[in-house]
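Novice: Sending over a structure as structure tokens; questions will come in a sec.
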Amino acid sequence: MSGDVPEFAGDLSAIVAELVAARIICDARQWDFPGKPFLRDEARFRCASGLPTSPIRRRGQYQVSLNHDVGARTLAGIVESVLTHSGIGTTSSNNADLTVMLSLGEPARGTFATASRYRLDHLPVVIDEERIRIGPFVQPSRTPCVQCYDRHRTDWDSAWPALATQFGHPTHTILTPAAVCATTQYVAAAEIAANIIAHCDGREPPTAGALVAIGPGHDDRTVWPVNFHPACGCALLRVA
């Protein structure tokens with residue numbers, strides 16, 4: 001067979017745009033992350049799912065402060081590893097975009113009060129016996145705070161205020177490793193990272209106005225809401 005090949009006269013840009021919209025082809029330039037090749041797989045996933053890759057690029061400027069006590073050191077290390085592979089850095093600076101507070105047992109409430117007073121977004125994580133409790137994710141005056149949780153808890157547990165005065169005091173339990181299985185810690189770390197990534201991407205974190213408990217087993221998960229408490233000052237700030 002012989003003959004002349006006709007000159008292509010179509011609108012190439014329009015055809016490519018149509019193929020991209022149909023997810024038949026992807027713009028490989030969206031996968032280019034110099035110095036962070038481990039983000040390419042996530043970028044490829046987002047392209048294939050029709051999601052923008054721009055949020056991934058913002059992660060380079062986003063910083064998290066991971067504060068933890070001795071008992072939560074292992075969990076904090078796992079969380080940091082997940083964040084690193086998600087393109088998010090950690091810092092000890094007070095100017096972080098988010099502060100994550102990890103503790104074995106209930107921490108002293110003064111830290112949360114200080115963060116709320118200075119309008120710092122923060123996420124409490126508590127290793128509570130064989131479970132890991134995440135939340136509430138606090139964006140001061142925008143979402144319910146830890147004091148809201150404490151006041152709701154007091155409404156049905158009259159002993160809670162007396163216990164709260166003891167939170168954060170060193171005991172032999174605080175100085176020993178957490179009694180949580182490894183798989184549960186990894187699942188909890190992924191959940192913590194998912195909340196951080198949502199905040200970085202400008203989406204509402206899953207634990208904004210909620211608590212999530214992982215454990216005892218890695219597939220055991222409990223979720224319950226945390227609403228603004230009418231007696232809490234943060235609810236008044238929200239109205240104002």
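Novice: What ³J(HN,Hα) values, in whole Hz, does the Karplus curve 6.51 cos²θ - 1.76 cosθ + 1.60 give for the stretch 199-215 when θ = phi - 60°, with x put for Gly and Pro?
Specialist: Going residue by residue, I get 5, 4, 7, x, 9, 6, x, x, 9, 6, x, 7, 10, 10, 10, 10, x Hz, with x marking Gly and Pro.
Novice: Rounded to whole Hz and in sequence order, give me ³J(HN,Hα) for the stretch 217-223 from the Karplus expression 6.51 cos²θ - 1.76 cosθ + 1.60, θ = phi - 60°, writing x for Gly and Pro.
Specialist: Running phi through 6.51 cos²θ - 1.76 cosθ + 1.60 with θ = phi - 60° gives x, 5, 9, 8, 9, 10, 10 Hz.
Novice: For the pair Asp220 and Ala14, how long in nm is the line joining their label points, each one 7 Å along Cα→Cβ?
Specialist: Going from the Asp220 label point to the Ala14 one covers 6.1 nm.
Novice: So what's the projected area for the stretch 62-239, the Cα convex hull averaged over all directions, in nm²? Spell out each step's value before the answer.
Specialist: Working: hull surface 39.0 nm².
Mean projected area of the Cα convex hull: 9.7 nm².
Novice: May I pose another question? Calculated FRET efficiency, Asn227 and Ala190, Cβ-Cβ r, R0 25 Å, to nearest 0.05? Walk me through the intermediate numbers first.
Specialist: Values: r = 26 Å, r/R0 = 1.05.
About 0.45, to the nearest 0.05.
Novice: Thr90's amide H: which non-local residues (gap 5+, or another chain) put their own amide H closer than 5 Å, with H modeled 1.01 Å from N in plane and none for Pro or chain starts?
Specialist: It is Val64, by chain and number.
Novice: Quick check: pseudo-label points 7 Å beyond the Cα along Cα→Cβ at Asp157 and Arg119, how many nm apart are they?
Specialist: Label at Asp157, label at Arg119, 3.3 nm between them.
Novice: Okay, moving on. With a ≥ b ≥ c the root eigenvalues of the C-alpha gyration tensor of the stretch 64-132, is it rounded (a/c under 1.5), prolate (a/b larger than b/c) or oblate?
Specialist: Here the stretch 64-132 falls in the oblate category.
Novice: From the phi angles alone, apply the Karplus equation (6.51, -1.76, 1.60; θ = phi - 60°) to the stretch 130-144 and give each ³J(HN,Hα) in whole Hz, x where the residue is Gly or Pro.
Specialist: 9, 10, 10, 9, 10, x, x, 6, 9, 10, x, 6, 10, 10, x
Novice: Lys and Arg at +1, Asp and Glu at -1: add these up for the other residues within a Cβ distance under 11 Å of Thr184 and post the number. Kindly include the intermediate steps, with their values, before the conclusion.
Specialist: Values: positive: Arg131, Arg221; negative: Glu130, Glu191, Asp219, Asp220.
With Lys, Arg at +1 and Asp, Glu at -1, the net is -2.
Novice: Taking the Cα-to-Cβ direction at Ser49 and at Thr84 and moving 7 Å from each Cα, how far apart do the two end points lie in nm?
Specialist: Rounded to a tenth, the inter-label distance reads 2.4 nm.
Read-outs: derived from the displayed coordinates by stated rules, not from any lab. Quick caveat, the model's predicted, so the values are computed rather than measured. Every residue, glycine as well, gets a Cβ built from its backbone with ideal geometry; the counts of neighbours run over all protein chains shown.
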